[in-house]
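Encoded as structure tokens, the structure appears first; notes follow it.
The values are calculated or read from the model by the stated rules, or taken from the named source; none is laboratory data. Small disclaimer: the values here were computed from a predicted structure and weren't measured. Heads up, the Cβs are rebuilt from the backbone with ideal geometry, glycines too, and the neighbour counts pull from every protein chain shown. What goes into the accessible areas is simple: the full protein's heavy atoms, side chains included, and nothing from ligands, DNA or RNA. Shrake-Rupley method; radii C 1.70, N 1.55, O 1.52, S 1.80 Å.
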Amino acid sequence: MSKKEYAWWQEGIIYEVYIRSFQDSNDDGIGDIKGVIQKLDYIEWLGVNTIWVTPFYPSPMKDLGYDISDYTNTDPLFGSMADFDELLSEVHKRNMKLVIDLVPNHTSDQHAWFKESRSSKDNNKRNWYLWKDAKPDGSAPNNWMSVLGGSAWEWDEKTGQYYYHAFLKEQPDLNLRNEETMNAILDVMRFWLDKGVDGFRVDVMWHLIKDKLWRNNPVNPDYKDEQPDADKLMQIYSCDQPEVHGIIQKMRNLTDEYNEKVIIGELYLTIENVVNYYGEDCDGAHLPSNFELIFLVPWEADRIGIAIDKYEAALPEKCWPNWVLGNHDKERLASRVGNEQAKIAAMLLLTLRGTPTIYYGDEIGLIQSDIPEEEIQDPQGLLMPGKNLSRDPQRSPMQWDGSVFAGFSTKKPWIRLNKDVHENNVEKQKSDPGSLLNFYKQLIDFRNENEVLKTGVYIPVGSNKSTLAYIRKKDGKPSILVVLNFTSKEQDCQAIIDNYDGEIIISTNGENKNKSLKGVNTLAANEGFLAILRDDEN
């Protein structure tokens with residue numbers, strides 16, 4: 001049997017499940033593994049092929065699960081290992097894939113490794129973490145700051161040294177330069193790969209190695225008060241070090257021992273730096289996350305067109321692109337671009353070249369939840385009050401129906417629901433042919449059946465502040481033209497499409513569906529369409 005030209009992670013669509021907020025199966029107000037199992041039919045109906053589940057490991061929950069105390073077990077809060085095995089089995093029964101979070105940068109301070117490391121200076125796990133002597137005046141080894149505010153160094157009275165933590169003091173960073181530590185992380189990966197998981201989303205990949213000389217980070221001259229405290233410094237030495245690529249190579253070598261596994265890297269870096277994480281010969285991370293469109297402000301066609309072109313130009317030839325419009329750390333898509341542009345964002349995400357990632361709830365236009373200050377649970381919000389940096393608002397429960405707790409639970413959820421739950425939920429949108437949810441499904445179904453959208457090349461047609469147009473093309477297949485209006489005003493599109501002939505297959509407002517391009521001169525407000533071009537246009 002000949003090998004497929006493209007892997008499942010190239011042709012498919014990733015759906016992020018923030019496990020605490022997806023579905024509660026045991027009436028404690030917190031989402032869990034069995035809850036994900038209960039909603040697999042919905043995810044399958046939507047048409048995505050890959051589920052990425054956020055951490056479900058044992059944890060003191062100081063960072064809501066990203067502070068892990070045992071890498072090879074499940075937290076009872078989320079369920080048992082038998083529940084996980086059932087989830088994996090049920091996902092695979094549906095011919096879908098399961099990707100899990102790997103958090104190799106840091107553990108909880110309650111992890112057995114750190115307890116040993118902290119016990120004495122001569123413990124055999126001392127060098128598994130990053131310990132440094134104080135300066136002669138007793139101060140921290142350098143000026144590095146925690147991403148979540150304050151110094152990144154914590155004094156340990158018992159052993160008389162500081163340890164480094166890029167995030168909470170309860171999240172000490174591992175020393176991945178140490179071969180034993182690195183091998184332990186590889187053993188963790190092997191444990192889950194042997195179970196049958198299909199890959200990993202590697203948390204804070206760019207943080208995995210720090211400057212060997214521990215040099216001070218320079219002051220950021222462009223810092224503004226509303227930014228996170230860590231932005232006071234330019235994080236030149238505390239992350240994105242050249243040696244990180246050796247770590248990623250070891251992870252990749254391990255996954256390559258298994259059949260078609262994927263490594264997705266979380267990377268908040270410029271596109272020029274992100275593409276380095278593919279490796280010299282595309283032998284690093286399979287999908288270094290491209291968050292360019294999450295940060296693009298204002299949401300304008302020409303800026304988006306430039307961002308796409310920059311990324312396409314920077315990508316090494318053999319490497320595979322990916323696009324992310326929402327995740328559990330950043331403001332909800334519908335809140336960023338507005339409800340009127342939600343369908344445009346969907347069409348953009350699902351017609352660009354590369355693997356798209358959908359954040360749960362974006363398919364129904366879930367917006368930021370209004371969380372009062374006294375209810376904030378996210379440490380980023382708690383440690384930097386007054387800056388509106390809490391990530392709780394984008395983590396509100398999935399809105400399944402219009403019942404009291406949105407079908408998420410029969411008890412009060414761990415975090416406040418959105419106010420629009422009765423008007424906006426899966427049940428209501430499923431029964432509305434013109435809903436955002438059904439538009440996502442229409443696009444996903446079309447993409448899944450269309451080789452041009454899945455694997456064709458990207459060719460820009462043109463853009464201005466209001467309108468973006470591009471073609472997806474693959475030899476031997478009819479090309480596809482996508483035209484998007486990023487404004488709330490009608491736009492003349494005749495100049496863009498005058499050179500093309502074809503039929504509109506999908507339109508955001510439905511009015512232009514099945515029309516010939518020759519009969520279309522304008523785009524309605526917030527309209528986008530997808531057209532299949534005639535044979536002579538290919």
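Worth a mention:
- Long-range HN-HN contacts of residue 367 with modeled amide H, under 5 Å: none
- Of all aspartates and glutamates in the structure, the ones whose alpha carbon falls short of 14 Å from that of residue 428, not counting any fewer than 8 places away in one chain, are 363, 401, 420.
- Per residue, the chain reaches -6500 deg cm²/dmol at 222 nm when only DSSP H runs of four or more residues are counted, each adding -39500 (n - 2.57).
- Shape class of the stretch 53-152 from the Cα gyration tensor (axes a ≥ b ≥ c, square roots of the eigenvalues): prolate, since a/c reaches 1.5 or more and a/b is larger than b/c.
- Cα gyration tensor shape for the stretch 1-75, rounded if a/c is under 1.5, else prolate or oblate: oblate
- Taking all pairs of distinct alpha-carbon atoms in the chain, Kirkwood radius in angstrom: 24.5
- Portion, in percent, of the accessible area of the chain that falls on carbon or sulfur, probe 1.4 Å: 47
- All lysines inside 16 Å of residue 330 as judged from Cα atoms, apart from same-chain residues fewer than 8 positions distant: 387
- Out-of-range pairs (alpha-carbon distance over 19 Å; input 343/430; 62/125; 343/473): 62/125; 343/473
- For the stretch 268-285, 3J(HN,Hα) per residue [Karplus equation, 6.51 cos²θ - 1.76 cosθ + 1.60, θ = phi - 60°, Hz, x = Gly/Pro]: 9, 9, 5, 4, 4, 7, 4, 5, 5, 7, 6, x, 5, 10, 6, 10, x, 5
- Global geometry of the stretch 292-436, whether rounded, prolate or oblate, following the gyration tensor of its Cα atoms and the 1.5 cut on a/c: oblate
- The modelled label-to-label distance between residue 215 and residue 73, using points 7 Å beyond Cα along the C-beta direction, is 4.3 nm.
- Accessible surface area normalised per residue over the chain is 40 Å², counting heavy atoms of protein chains with a 1.4 Å rolling probe.
- A Förster distance of 41 Å, applied to the separation of the beta-carbon atoms of residue 80 and residue 157, puts the FRET efficiency at 0.60.
- When the chain is described by a simple charge dipole with +1 on each Lys and Arg Cβ and -1 on each Asp and Glu Cβ, the residue from 265, 388, 297 located farthest towards its positive end is 265.
- Normalising the average separation of contacting C-alpha pairs (under 8 angstrom, six or more residues apart) by the number of residues puts the relative contact order of the chain at 12 percent.
- Bridgeable aspartates and glutamates around residue 195 (alpha carbons under 20 Å apart, same-chain partners fewer than 8 residues away excluded): 32, 70, 75, 83, 85, 86, 90, 101, 187, 256, 257, 260.
- Across the options 149, 338, 129, the greatest Cα extent toward the positive end of the charge dipole of the chain (unit charges at beta carbon of Lys, Arg, Asp, Glu) belongs to 129.
- Segments 310-319, 339-348 sorted - mean Cβ within 10 Å per residue, highest first: 339-348, 310-319
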